[in-house]
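The values are calculated or read from the model by the stated rules, or taken from the named source; none is laboratory data. Quantities reported herein were computed from a predicted structural model and do not represent experimental measurements. No Cβ is skipped: glycine too gets one built from the backbone with ideal geometry, and neighbour counts run over all protein chains shown.
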Amino acid sequence: MRDPKILLPFEDMPRQWYNLAADLPEPPPPPLGPDGQPVGPDALAAVFPMNLVEQEMTTDRWVDIPDGVLELLARWRPTPLRRAYALEQYLGTPAKIFYKDESVSPPGSHKPNTAVAQAWYNKQFGIKRLTTETGAGQWGSALAYAGQLLGIQVDVWMVRVSFEQKPFRKTMMETWGARCVASPSIETQAGRTILEQDPDTPGSLGIAISEAIEAAVSDASGTTRYSLGSVLNHVMLHQTIIGLEAKKQLKLAGIDRPDVVIGCAGGGSNFAGLAFPFVADKIQGAQIEIIPVEPEACPTMTRAPYAYDHGDTARMTPLLPMHSLGHAFIPPSIHAGGLRYHGIAPLVSAGVQQGLLSPRAQQQLECYEAAVLFARTEGLIPAPETSHAIAAAIAEARRAKEEGRETVILFNYSGHGLMDLAGYQAYFAGQLENYPLPAEALERSLAVLEGLPRPPLESRIWHVERER
Ligand SMILES: Cc1ncc(COP(=O)(O)O)c(C=O)c1O
């Protein structure tokens, strides 16, 4: 009898996070302030607590996980690594498919790995209230959960289209004691301005981030900070526990190293969490194909330039060196709400630029098809975001079949889709479409990058797009 679960004992849970910034062949360029100069820690002090600002800027390879954070993570970690025997059998592939099941956390995704860490560091710093944005609602519910564990009030701005598509996410956040409003809202200047221009806007993560930052920095008590669920270096760092556990679990399964590592990518955190410990091996010479997967509707890595851009629509954040569709980008209303961000983490962008990562884009319908196949073979119903990783993993397994190779494929099962059944309902009713981003829409949204500084490594993609 075969056991498809590879479980790691609690004693073997990693005690340190891994920082890719220490090992990248070329360090990523620094964030810039409004004067075009690199921002120092003080510039971020109104937004984040100083202990997290230090983590954001560190280039230490390993960062100790405090005991208080380990204790919180231990509520659901280590997470299982699963072998997709049933999917392999259905596909008739010689490939071995493994997935790291991050859906077992209480809110149902990888997001609490950083939510509990961020809430813990904020608590240490004396913070009483956290503000944040959420797309699909996974991040908002993760921070609501973490705030409840640590006694911190949490206020969440949820992108309007998802707020309407996924009403039960709000109920989850409220169950954990948080407050959730649709973004844009009339509670902030940023929200009111957007609503005046476009009262029917579906919203975007960029707008919701502006609202949450404004709410944090305008609280005169000094005990409110903002928390971001992806993109930033410290978020990538906290998520590396996924890949560090997976490495140990693959060893338990008798696998020295995977051939292909895959994760869906919105801001980049679940991908980075699984992949960065393997990127370290690749830098040392290992042959691994490492694939971040994004939607065709929001093609940040595959069609947008490597540029300096703001992380939010109202341009409150520093300029970050990243692949960006432009901070004013309003993405099509696809169901994978967590993959609708205009940028992608600077560390992931640097990995793309330095040839360590091979990004790929998938269409909405092929993702739902993959998700349904996965549910009917493996039994788990994936989040629409996660289905992008599954579609790529299935494509790789089919390729292995064609080529007759025993490829080892590892992907991140970043979350379950039990709160996303409206998307499945629409798919079964034939109401969903593909939304490849039209070239004119891309060109329009990139216009905001004109005049902003350029990072030293300019992407070939940028030139290709401009020459079209
Ligand atoms: C289940 C799931 N996977 C992936 C993502 C994308 O975020 P990131 O790229 O930061 O992992 C989200 C975001 O909400 C999500 O909810």
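List of remarks:
Residues are listed down the side, and each one gets a yes or a no for (1) modelled with pLDDT of 95 or more; (2) away from the ligand (no atom under 14 Å from the Cβ):
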site	(1), (2)
306	yes, yes
313	no, yes
335	no, no
369	yes, yes
373	yes, yes
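- Scanning the range 94-144 for residues that are in contact with an Asp or Glu (Cβ under 8 Å, 6 or more places away or on another chain), away from the ligand (no atom under 16 Å from the Cβ) and basic (Lys, Arg) gives 96, 129.
Here is a yes/no grid of residues against (1) outside any strand (DSSP E or B); (2) not β-branched (Val, Ile, Thr):
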residue: 285; (1), (2): yes, yes
residue: 290; (1), (2): no, no
residue: 298; (1), (2): yes, yes
residue: 302; (1), (2): yes, no
residue: 313; (1), (2): yes, no
residue: 322; (1), (2): no, yes
residue: 327; (1), (2): yes, yes
residue: 332; (1), (2): yes, yes
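- Qualifying positions in the range 170-191 - farther than 17 Å from residue 227 by Cα and out of contact with any helix residue (DSSP H, G or I) (no Cβ under 6 Å at 6 or more places or on another chain): 170, 171, 174, 175, 187, 189
Here is a yes/no grid of residues against (1) aliphatic (A, V, I, L, M); (2) outside any loop (DSSP other than H, G, I, E, B); (3) within 16 Å of the ligand (Cβ to nearest atom); (4) touching an Asp or Glu at 6+ places or on another chain (Cβ under 7 Å):
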site: 185; (1), (2), (3), (4): no, no, no, yes
site: 201; (1), (2), (3), (4): no, no, no, no
site: 210; (1), (2), (3), (4): no, yes, no, yes
site: 215; (1), (2), (3), (4): yes, yes, no, yes
site: 230; (1), (2), (3), (4): no, no, yes, no
site: 234; (1), (2), (3), (4): no, yes, yes, yes
site: 238; (1), (2), (3), (4): no, yes, yes, no
site: 245; (1), (2), (3), (4): no, yes, no, no
site: 251; (1), (2), (3), (4): no, yes, no, no
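- Among the residues of the range 399-416, those identified as under 20 Å from residue 387 (Cβ atoms) and either touching a Phe, Trp or Tyr at 6+ places or on another chain (Cβ under 9 Å) or near the ligand (Cβ under 9 Å from one of its atoms) (or both) are 409, 410, 411, 412, 413, 414, 415, 416.
- Reported count of residues in the range 347-361, each being away from the ligand (no atom under 13 Å from the Cβ) and not in a loop (DSSP other than H, G, I, E, B), is 6.
- Against the numbered list (1) more than 14 Å from the ligand (Cβ to nearest atom); (2) touching a His at 6+ places or on another chain (Cβ under 7 Å), residue 273 comes up short only at (1).
- Test: residue 313 is crowded, with 23+ Cβ neighbours inside 10 Å, closer than 15 Å to residue 446 by Cα and among the hydroxyl-bearing types (Ser, Thr, Tyr): yes
- Test: residue 364 is closer than 19 Å to residue 421 by Cβ, in contact with a strand residue (DSSP E or B) (Cβ under 7 Å, 6 or more places away or on another chain) and more than 14 Å from the ligand (Cβ to nearest atom): yes
- Residue list for the range 218-241, restricted to those being among the hydrophobic types (A, V, I, L, M, F, W, C) and more than 13 Å from the chain's Cα centre (by Cα): 220, 241
- The one condition in (1) assigned to a loop (DSSP other than H, G, I, E, B); (2) buried (at least 24 other Cβ atoms within 10 Å of the Cβ) that residue 257 fails to fulfil: (2)
- With a requirement of 1 or more residues that are over 23 Å from residue 235 (Cα atoms), the helices (runs of 4 or more DSSP H) lying completely within the range 80-180 that satisfy it span 85-91, 160-165, 167-175.
- Within the range 114-141, residues that are under 23 Å from residue 63 (Cα atoms) and touching a residue at least 12 places away in the same chain (Cβ under 8 Å) sit with their Cβ atoms under 6 Å from residues that are aliphatic (A, V, I, L, M) and away from the ligand (no atom under 16 Å from the Cβ), at 6+ positions apart or across chains, in these pairs: 116/72; 117/69; 119/150; 119/152; 120/69; 121/52; 123/150.
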